[in-house]
Amino acid sequence: MKSQGITVNFSDANVDALAVAVFKDEKPTAAELKDLDKLTGGLVSALIKAGEFKGEPGDTALVRFAPKGSVKASRLLLVGVGEKADYKASDVAAVAGTATRFLRKRNLKSFALLPRCGSDAKDVAQNAMQGFVTSQYELDKYKTKDKNENTVDSFVLCIDGAKPADLKDGLSRGQIIGESMNFTRDLANEPPNILTPTEMGKRAQDMAKKVGLKCEILDEAKMEKMGMGSLLSVSRGSAQPAKLITLRYTPAKNTGKKGELLGLVGKGITFDTGGISIKPAENMDAMKYDMTGGATVLGTMRAIALLKPTVPVIGVVAAVENMPGGNASRPSDVVKAMNGKTVEILNTDAEGRLILADAVHYAEMQGATRIVDMATLTGAVIIALGDINTGILGNDQAFVDEVIACAKEAGEEFWQLPVGKDYSRMIKSDIADVKNIGPRGKAGTIIGAVFIQEFVDKAKWAHLDIAGTAWADSVKPYQAKGPTAVAVRALLKLVENSQ
Ligand code: BES
Ligand code: ZN
Ligand code: ZN
């Protein structure tokens with residue numbers, strides 16, 4: 001996919017279409033809209049007046065007009081953005097993505113975008129390019145026909161008064177972020193017979209080599225030696241051996257706080273049958289997405305390697321398959337985690353927390369002082385927050401607040417749920433230190449989090465339950481259905497703001 005982006009006056013752009021952001025219930029009195037209205041012989045105001053175009057997010061209307069003067073385009077696409085007062089740089093990703101998908105469907109190849117966003121031009125450019133790149137992602141890798149082969153090849157960005165160097169920088173950052181989000185989505189989409197834990201390790205290694213990250217993969221023998229009995233208990237029922245993948249990014253110059261190391265930890269269950277506590281058949285196929293937390297870590301680390309922030313980051317992915325084989329864990333088994341705590345496994349389907357127990361401890365042993373873990377951990381978070389907000393929980397309020405603020409800045413929505421002694425008491429086991437489930441139907445997402453918390457020692461820690469937000473059940477104007485790459489942008493903001 002080619003892409004270019006420079007400031008030009010839209011009227012000089014040699015493109016198939018002009019795309020312009022339009023606010024909710026906007027009258028075409030602003031200078032840019034007035035010009036476009038004139039260009040189209042009054043069609044913009046006619047559409048708005050007739051109520052055919054309301055300017056809600058995702059609304060689109062296409063107008064054909066006769067090219068005039070220096071204007072070479074013959075189409076104008078109105079793209080709704082909603083309330084003007086709420087419009088910010090991160091919304092430009094959806095505007096650019098909506099325009100891209102709309103034009104791609106009509107086999108058009110290029111457009112000029114007027115985002116009409118007053119935020120920092122570099123930020124606007126970054127989001128425009130990211131939306132352009134992520135909006136063209138499709139799920140058809142394994143189709144042998146009926147693939148969507150149309151692409152919009154390029155767009156030019158029209159921002160009055162912006163410095164070309166800022167735009168160039170924003171656009172190249174946006175491309176890295178968009179492509180890294182697509183990398184995460186590609187992994188999440190892979191069928192589980194192809195993306196085994198071993199294959200996930202290979203993909204991580206290939207990526208690391210390409211972008212210049214250090215990659216280390218522990219096999220089961222090594223994990224056994226290190227005492228990762230909790231993680232290995234999940235892998236035991238599978239013919240596929242588990243892998244613990246570690247990626248390391250070290251900046252040329254470290255401007256972060258001395259001794260600080262951010263650790264990103266991901267749940268990489270390549271398929272979750274539930275194990276002996278087996279899941280019902282209906283919708284079990286969606287459990288191929290149970291490695292999305294891990295894919296998020298890999299995509300984020302890819303972007304970090306290319307964006308080169310001035311703080312170190314380590315990524316840890318526990319890649320494991322949860323199957324009900326002859327060696328599988330039984331409900332009532334007791335295992336010992338790497339930090340020495342014993343766990344009574346009462347439900348083998350609560351496996352994400354078992355692998356994360358050892359993965360977060362391992363990250364801390366590697367020096368992580370701040371940890372964010374990502375996991376499709378509980379069905380309960382879908383009941384609580386639907387597919388809009390990612391659940392966030394943690395042991396340090398200031399750190400949780402920081403991650404929520406970064407998400408907001410990046411255009412993502414995180415909502416905090418509580419933790420605390422009264423919840424932690426609910427996972428006390430009769431015969432071991434902790435059990436891996438709480439009372440049925442009570443605070444499922446919190447129970448998952450306080451279990452993981454047992455394995456965090458001194459690090460500041462935030463847990464993201466992405467079970468509701470990791471993939472979308474339906475197509476959006478700016479995005480295919482399937483994996484969303486949720487949290488990648490929020491984590492990159494966190495890294496950026498830690499410099
Ligand atoms: N991977 C699932 C959680 C999940 C469910 C993710 C639906 C996405 C969509 C997880 O391993 C699981 O099975 N959790 C159980 C925990 C329970 C046994 C305490 C759940 O949420 O039902
Ligand atoms: Zn499960
Ligand atoms: Zn799971």
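When the residues of the range 140-167 are narrowed to those that are part of a helix (DSSP H, G or I) and touching a helix residue (DSSP H, G or I) at 6+ places or on another chain (Cβ under 8 Å), which ends up surrounded by the fewest Cβ atoms within 10 Å (Cβ to Cβ)?
Checking each candidate, the answer is K141.
Checked across the range 280-288, the condition of being surrounded by fewer than 21 Cβ atoms within 10 Å (Cβ to Cβ) and more than 16 Å from ligand 2 (Cβ to nearest atom) holds for no residue.
Pairing each residue of the range 389-413 that is farther than 14 Å from I466 by Cα with any residue that is buried (at least 20 other Cβ atoms within 10 Å of the Cβ) and acidic (D, E), provided the two are 6+ apart or on different chains, yields C-beta distances under 9 Å for C406/E412; G411/D91. Scanning the range 266-277 for residues that are part of a helix (DSSP H, G or I), within 13 Å of ligand 2 (Cβ to nearest atom), without any contact (Cβ under 8 Å) to a residue 60 or more places away in the chain and touching a strand residue (DSSP E or B) at 6+ places or on another chain (Cβ under 9 Å) turns up nothing. Kindly state which helices (runs of 4 or more DSSP H) lie completely within the range 413-499 and contain at least 3 residues that are closer than 22 Å to N395 by Cα, open to solvent by less than 10 Å² (accessible area, probe 1.4 Å) and within 16 Å of ligand 3 (Cβ to nearest atom). Output list reads 444-453. Of all residues in the range 79-105, those that are without any contact (Cβ under 8 Å) to a residue 24 or more places away in the chain and charged (D, E, K, R) total 1.
Of the residues screened, G256 is one that is more than 16 Å from ligand 1 (Cβ to nearest atom), out of contact with any Leu (no Cβ under 7 Å at 6 or more places or on another chain), open to solvent by less than 30 Å² (accessible area, probe 1.4 Å) and modelled with pLDDT under 95. Among the residues of the range 346-374, count how many are among the β-branched types (V, I, T), more than 16 Å from ligand 1 (Cβ to nearest atom) and in contact with a Gly (Cβ under 6 Å, 6 or more places away or on another chain). Final tally of qualifying residues: 1. Kindly check whether there is at least one residue in the range 240-252 that is part of a helix (DSSP H, G or I) and not hydroxyl-bearing (S, T, Y). No: the range 240-252 contains no residue that is part of a helix (DSSP H, G or I) and not hydroxyl-bearing (S, T, Y).
The test for being open to solvent by 20 Å² or more (accessible area, probe 1.4 Å) and away from ligand 2 (no atom under 16 Å from the Cβ) does not hold for T300. For the range 35-71, the candidate set comprises residues that are outside any loop (DSSP other than H, G, I, E, B), surrounded by fewer than 20 Cβ atoms within 10 Å (Cβ to Cβ) and not basic (K, R); within that set, the residue that is modelled with the lowest pLDDT is D35.
Among the listed residues I382, I355, which satisfies the condition of being within 15 Å of ligand 2 (Cβ to nearest atom), of a type in the set (V, I, T) and open to solvent by 30 Å² or more (accessible area, probe 1.4 Å)?
Working: I355 fails: open to solvent by 30 Å² or more (accessible area, probe 1.4 Å).
Result of the check over I382, I355: I382.
The set of residues in the range 204-227 being charged (D, E, K, R), surrounded by 18 or more Cβ atoms within 10 Å (Cβ to Cβ) and under 21 Å from the mean Cα position of the chain (by Cα) is empty.
The values are calculated or read from the model by the stated rules, or taken from the named source; none is laboratory data. Since the model is a prediction, treat every value here as computed from it, not as a measurement. Cβ coordinates were reconstructed from backbone atoms using ideal geometry, including for glycine residues, and neighbour counts include every protein chain displayed. Accessible surface is based on the protein model in full, side chains and every heavy atom, while ligands, DNA and RNA are left aside. Shrake-Rupley method; radii C 1.70, N 1.55, O 1.52, S 1.80 Å.
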